[in-house]
Amino acid sequence: MRIGIVTSGLGIARQCLRKNTSVYRTCRRQVTGSGSPLDLNVDSKTGIAVLSMNKPPVNSLNLEFLTELNIALEKVENDKQCKGLIITSSIPKIFSAGLDITEMYQPDIDRLEEFWRTLQDMWIKLYGMNCVTIAAINGHSPAGGCLMSMSCDYRIMAPNYTIGLNETQLGIVAPFWFADVMLNTVGFRQTEMALQLGTLFKTEEALNIGLIDKVVPQEEVLSAAQQEMQRWFKIPGFARQLSKTELRRPTIEKLLKKKEEDIGYFRDYITKDAIQKSLGMYLESLKNRRK
Ligand SMILES: CCCCCCCCC/C=C/C(=O)SCCNC(=O)CCNC(=O)[C@H](O)C(C)(C)COP(=O)(O)OP(=O)(O)OC[C@H]1O[C@@H](n2cnc3c(N)ncnc32)[C@H](O)[C@@H]1OP(=O)(O)O
């Protein structure tokens, strides 16, 4: 497993005490190992963890990447110093291209089921995180990228990108729990149109329908997220957490009750000839775009 705590908090704290410069005073802890597709940095002074996705070329969510995301989310949730989590990307112009389509095209069935279970687990964790979560969307964020963004408490996005659940454009259907999260975010009317049309909203459009909460220039996305976090930190943690749990629990429980059924449904649906044909054509069209 590539994620591992590489520096102990105590060691870094000692360094912080020794080197009382502005850089060291932040007591930053790099929690991920080198070569990991995730950079997780915990700032013990502010209580903010920054999780940056770094899986070229497009941060697509395959089984291994989802597994690492799950481990990182668990680390953050178990770290008593973390009060907030910012999710962002280290890949220029792309937050995440969503699910790795190659996981769904001509799949190995055991792996396909594991892939879906790992995605379910990632979403259940992220949507139900106790700490404050902010998506710093510094690039395109289609489908699974949009799901991750919507699962955070707040979304800040840079201009001139796109975000949305575009599944129908691939000839596939967003699962009920993707739809539920969108419904909870932008309401029924916007969801029924967006899901049928597979709309990818430009940043400004996404702001207008409430799919994102704020637009700031590209270079300010991360600092704006850090700043926004302070507003959330001012609220007594327990009251804020309980309010979130009360609102999100029914949506999470709906999937928890049907997890295995959902995996079977996904497997049977994705392996249909017509769906495989659509996915193959979509993959081909992605490759041909650059020609
Ligand atoms: C009923 C219910 C039951 C359940 C029914 C099933 C439910 C499934 C739910 C699905 C959820 C999803 O997330 S489906 C995924 C949806 N995602 C998308 O549609 C995004 C597609 N990608 C893009 O639009 C673009 O790549 C974008 C992200 C904007 C970046 O554009 P760029 O020009 O920078 O880069 P590109 O040249 O396009 O891409 C670089 C390379 O990455 C590859 N690539 C791009 N996106 C990829 C992806 N998602 N998966 C794999 N590979 C991808 C391209 O093919 C290229 O490969 P090379 O040519 O080899 O270099």
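The values are calculated or read from the model by the stated rules, or taken from the named source; none is laboratory data. What you are looking at is a predicted structure, and each value in this text was computed from that prediction instead of being measured. Heads up, the Cβs are rebuilt from the backbone with ideal geometry, glycines too, and the neighbour counts pull from every protein chain shown.
Tabulated data
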| read-out | value |
| --- | --- |
| Criterion (without any contact (Cβ under 8 Å) to a residue 40 or more places away in the chain, over 30 Å from V42 (Cβ atoms) and of a type in the set (S, T, Y)) met by exactly one of T185, T271, T199 | T199 |
| Sole exception among (1) under 12 Å from the mean Cα position of the chain (by Cα); (2) crowded, with 20+ Cβ neighbours inside 10 Å; (3) outside any strand (DSSP E or B) for E103, by number | (1) |
| Of the criteria (1) closer than 30 Å to P92 by Cα; (2) within 16 Å of the ligand (Cβ to nearest atom); (3) in contact with a helix residue (DSSP H, G or I) (Cβ under 8 Å, 6 or more places away or on another chain), which one K287 fails | (3) |
| Of the criteria (1) within 16 Å of the ligand (Cβ to nearest atom); (2) closer than 21 Å to I87 by Cα, which one D268 fails | (2) |
| Inter-residue pairs, beta-carbon under 6 Å, first small (G, A, S) and in region 95-115, second within 8 Å of the ligand (Cβ to nearest atom), 6+ apart | S96/G145; A97/V58; A97/S60; G98/P142; G98/A143; G98/G144; G98/G145 |
| Qualifying residue in region 53-76 (condition: modelled with pLDDT of 95 or more, more than 12 Å from the chain's Cα centre (by Cα), away from the ligand (no atom under 14 Å from the Cβ) and more than 28 Å from F233 (Cβ to Cβ)) | yes |
| Subset of region 141-161 that is within 10 Å of the ligand (Cβ to nearest atom) and touching a Ser or Thr at 6+ places or on another chain (Cβ under 7 Å) - its residue that is farthest from E261 (Cα to Cα) | Y161 |
| Boolean, Q226 is surrounded by fewer than 21 Cβ atoms within 10 Å (Cβ to Cβ), more than 16 Å from the ligand (Cβ to nearest atom), in a helix (DSSP H, G or I) and in contact (Cβ under 8 Å) with a residue 40 or more places away in the chain | yes |
| Sole exception among (1) aromatic (F, W, Y); (2) in contact with a Ser or Thr (Cβ under 8 Å, 6 or more places away or on another chain); (3) free of Cβ contacts under 8 Å to residues at least 60 places away in the same chain for F65, by number | (2) |
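Residues checked against (1) closer than 27 Å to N138 by Cβ; (2) not aliphatic (A, V, I, L, M):
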position: A224; (1), (2): yes, no
position: Q230; (1), (2): yes, yes
position: F238; (1), (2): no, yes
position: K244; (1), (2): yes, yes
position: E253; (1), (2): no, yes
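For every residue, the table says whether it meets (1) on the phi < 0 side of the Ramachandran plot; (2) near the ligand (Cβ under 10 Å from one of its atoms); (3) aliphatic (A, V, I, L, M); (4) at pLDDT below 95.
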site: Q169; (1), (2), (3), (4): yes, yes, no, yes
site: A174; (1), (2), (3), (4): yes, yes, yes, no
site: V181; (1), (2), (3), (4): yes, no, yes, no
site: G187; (1), (2), (3), (4): no, no, no, no
site: L197; (1), (2), (3), (4): yes, no, yes, no
site: T203; (1), (2), (3), (4): yes, no, no, no
site: L211; (1), (2), (3), (4): yes, no, yes, no
site: K214; (1), (2), (3), (4): yes, no, no, no
